[in-house]
1. Given Cα positions, please report Rg to Rh for the protein assembly as shown, the hydrodynamic radius being the Kirkwood one.
2. Be a star and scan the stretch A:232-246 for residues whose amide nitrogen sits under 18 Å from the point 7 Å along the Cα-to-Cβ vector of B:Glu61.
3. Kirkwood hydrodynamic radius of chain B from all distinct Cα pairs, in Å?
4. Please compute the net charge surrounding B:Lys187, taking Lys and Arg as +1 and Asp and Glu as -1 over other residues with Cβ under 14 Å from its Cβ.
5. Leaving out ligands and nucleic acids, note down the accessible area per residue over the stretch A:253-305 with a 1.4 angstrom probe, in whole Å².
6. Return the Cα extents of the stretch B:334-382 along principal axes one, two and three, sorted largest first, each rounded to a whole Å.
7. How large is the accessible surface per residue of the stretch A:27-129, computed with a 1.4 Å probe and reported in Å² as a whole number?
8. How long are the semi-axes of the equivalent ellipsoid of the stretch A:138-393, defined as square roots of 5 times the Cα gyration tensor eigenvalues? Whole Å, largest first.
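The values are calculated or read from the model by the stated rules, or taken from the named source; none is laboratory data. Predicted, not measured: the structure shown is a model, and the values here were computed from it. Methodologically, a virtual Cβ is constructed for each residue, glycine included, from the backbone with ideal geometry; neighbour enumeration extends over all protein chains shown. The protein model used for the area step is the full one, side chains on, heavy atoms only, and it has no ligands, DNA or RNA in it. Shrake-Rupley method; radii C 1.70, N 1.55, O 1.52, S 1.80 Å.
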Amino acid sequence: MTAAPATTASAATTPGGASPIVVRSWKAPIAFAIFTVIAILLFFIVGRPDLDGGNPTTIYRLSEARDAIQLPPLTLGLAETTIVVVILMVAATIGAFLLARAAVRVPLWLTTIFAVLFLVGFLTWAAAGATVPMIGLLAGALTVSTPLIFGSLGGVISERVGVVNIAIEGQLLGGAFMAAMLGTLTGSPYVGLLGAMVAGALVSFVLAAFAIKYFVDQVIVGVVLNVLVLGLTSFLYSTVMVPNAETFNSPEKFERIAIPLLSEIPVLGPILFRQTVIVYLMYLAIFLVWFGLFKTRWGLRLRSVGEHPTAADTVGINVRATRFWNVLLAGAIVGGGGAFFTLAAVGSFGKDMTNGAGFIALAAVIFGRWDPIRATLAALLFGFATNLQSTLSIVGSPVPSEFMLMLPYVVTIVAVAGFVGVSRPPAASGKPYMKA
Amino acid sequence: MSTTTSPATPASAPETPAAPRSNQIMKEILGGSAAISVLAVVLALIAGGILVILTDERVAETSGYFFSRPSDTLGAAWQAVSGAYTALFRGSIFNYETDRGFAIAIRPLLETLTFATPLIAAGLGVALAFRVGLFNIGGRGQMLIAAAAAGYVGAYVPLPPVIHLVVALIVGIIGGALWGGIVGLLKARTGAHEVIVTIMLNYIAFYLVSFLLRTPGALQAPGQNNPKSGPMLESAQYPSLLGPQYNLDIGFILVIVATIYVWYLLNRSAMGFQFRAVGENPHAAQVAGINVKSVYVKVMLIAGALVGLAGVQQVLGNFTGGFAAGLDAGIGFDAITVALLGRSKPWGVFFAGILFGALKAGSFTMQSAEGIPVDIVLVVQSFIVLFIAAPPLVRAIFRLPTPDGSFQWRKPVIARKAEVSK
């Protein structure tokens with residue numbers, strides 16, 4: 001019973017920081033081994049019995065017809081690719097075991113290389129005998145990821161300042177609704193985008209008011225807000241939008257803008273620089289949130305409030321006001337992402353159209369360990385998995401689409417269970433600050 | 001025995017022996033008075049009424065000349081609201097407009113109980129986890145897995161009558177329990193936060209069941225292309241309780257039994273004492289020799305089983321013609337609101353479930369008679385929970401005094417000083 005001496009409140013102030021004790025973690029190598037076994041099973045035991053004879057190849061198309069610089073398509077044979085991939089995966093797994101035995105943490109680059117290897121092998125196996133339009137696949141993945149990235153950026157800010165944001169889904173949905181409504185009424189998608197940000201901030205306002213002023217549990221408020229926004233938007237959709245779709249629910253969409261020169265870069269150009277304004281705003285937002293959080297006074301204050309509000313208060317930071325305004329800011333960012341659904345993707349509002357994107361964004365926040373860049377990468381990964389699923393279903397893949405759609409959620413559980421590194425949220429996240 | 005906070009996951013709980021914040025919240029919600037609950041419902045209904053007025057077409061028309069004849073607008077507003085809520089009453093309690101006798105007029109009340117049945121079962125599952133300080137947001141996933149398990153037995157495994165029903169019921173409940181148990185196990189072994197795990201498991205269950213529903217030989221009805229199961233065999237269906245003219249079935253008796261069981265478990269059994277002790281303060285419970293980790297696993301198994309009962313209800317009672325992946329019908333999330341309104345007490349959940357069952361049953365009459373979308377129920381429900389979760393707000397609105405012992409918004413100066421010095 002080691003808990004007994006820790007009965008003094010001072011223990012509460014110890015943040016769960018790095019401990020000097022060397023811990024051998026076998027989680028990463030075990031995860032590597034599991035994925036290697038899955039790869040061997042898929043590639044060699046299951047194989048592609050549906051494809052008869054010979055060595056089927058997968059063709060990766062790297063250019064679109066309208067590109068100025070045409071790259072030749074890449075052709076990978078199934079047998080040699082999978083063999084090379086599996087050999088490298090086995091090597092990486094052995095390396096991970098050796099590192100773990102030497103009590104060294106498996107570095108991020110090794111995990112990344114491992115993941116890319118697995119993906120290449122998987123894609124070659126799943127799309128064998130077909131052509132994969134790489135540009136379409138990756139550009140589509142970026143499109144699918146856009147609201148997720150906005151959502152995860154908002155989530156990162158909110159959690160970093162100490163307020164758990166389960167309401168990302170509601171903020172996205174509210175933003176999508178308001179964008180459609182205002183975008184149609186004013187005829188300008190830019191006003192719609194602004195309206196979406198206001199809507200997201202409004203949802204955040206309720207979250208902040210209940211969490212910061214009334215000390216209501218943030219998870220309860222978040223869950224309820226999702227239901228409330230779903231109910232409100234569905235109600236207004238049925239009563240207001242459906243009878244008068246022309247006046248309320250047919251916003252002008254953002255046009256795709258190709259940035260001169262940049263959009264002509266092979267492979268990357270068409271993916272990154274032939275997008276809508278919202279996507280370009282997203283690039284800006286990612287940079288600003290990262291820069292703001294880690295390089296400015298604003299970010300330092302924000303993080304200190306989320307990690308140790310009492311200390312922040314002692315040095316004269318107004319904890320409650322900091323939390324309030326930053327949660328509002330987070331809501332505005334997420335709301336802007338919601339506009340993507342109505343102003344860039346679909347072109348009109350529909351009931352529950354976000355369909356769980358907010359929860360994937362939440363997953364990205366956790367998988368990205370509350371860091372804007374990592375969270376963005378996680379959101380991109382999840383968006384990629386979703387888009388890969390739709391691409392593969394066109395190509396005709398042996399993997400049921402449901403399992404691809406499940407991937408972000410499984411990965412998140414693996415992450416929170418601590419199988420890939422320790423995921424540690426900001427220390428004071430979720431705890432209301434009661435000023436003495 | 002190790003401490004509650006495993007070193008690998010400082011995320012799970014603060015390293016303070018004082019009860020974590022979530023446990024205090026439970027206490028506040030439990031400690032609130034019944035008056036707050038009633039007032040919260042009243043406030044939510046008022047808010048719903050405002051929404052009805054704002055979107056009513058006649059109100060909008062008459063407000064165009066509001067300043068010349070305000071009575072028109074007010075009259076229209078009154079008509080919209082009273083129309084809505086009388087329709088709610090007719091659809092959920094007693095249909096006084098019918099002339100086909102009492103047996104038909106009382107049907108809405110039994111419809112209310114039918115809607116309430118899965119809500120109560122799932123609400124009990126959420127409430128039980130609440131009492132241990134765990135947030136079970138995974139109602140949807142637990143229901144889906146339970147329904148898939150029970151549905152498979154019910155539709156494709158022919159067994160003698162009675163035995164068939166019992167086997168299907170038990171298999172379903174085990175399915176829900178296991179899906180809930182994963183959460184408890186992950187929480188106990190790795191400290192993974194149950195909110196995140198349950199949300200993710202909801203989606204995993206959804207895609208898993210969707211996959212099974214479109215796979216021939218798994219759950220898909222033979223010779224069909226739709227992602228839908230075959231109909232339940234006669235021998236596996238819940239028998240109806242009051243004759244074929246009512247939808248109420250034996251499931252209602254089962255949830256009464258479940259409510260009594262949870263009451264007994266929490267208030268009369270040794271395990272329930274451990275549950276409540278962990279809910280009050282896991283660190284203190286640990287010191288007192290209670291195995292907190294095993295409590296987390298146990299409570300999530302039982303909570304999953306209770307939510308699973310709701311899933312079984314859906315397939316063997318309500319959608320006997322075959323089910324699709326949307327069978328949970330939002331009950332998994334409604335259960336959270338039911339548990340909060342019922343203050344996580346078994347009988348409180350029971351009556352909260354009946355209230356929300358009434359809202360659901362009545363909403364369909366509201367839609368058909370007054371053209372008000374059923375989604376308003378979601379709005380009213382979420383308002384109820386927001387108000388209940390913030391007793392100070394309700395007290396401020398109605399200018400109620402702060403009761404002793406419960407949560408105080410503005411603390412006396414001395415108490416605040418004491419808190420600082422700790």
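1. 0.96
2. A:239-240, A:243-244
3. One over the average 1/r among Cα pairs gives 23.1 Å for chain B.
4. Net of charged neighbours comes to +2.
5. 55
6. Sorted largest first, the three principal extents are 36, 16, 10 Å.
7. Solvent-accessible surface per residue comes out at 55 Å².
8. 29, 23, 16
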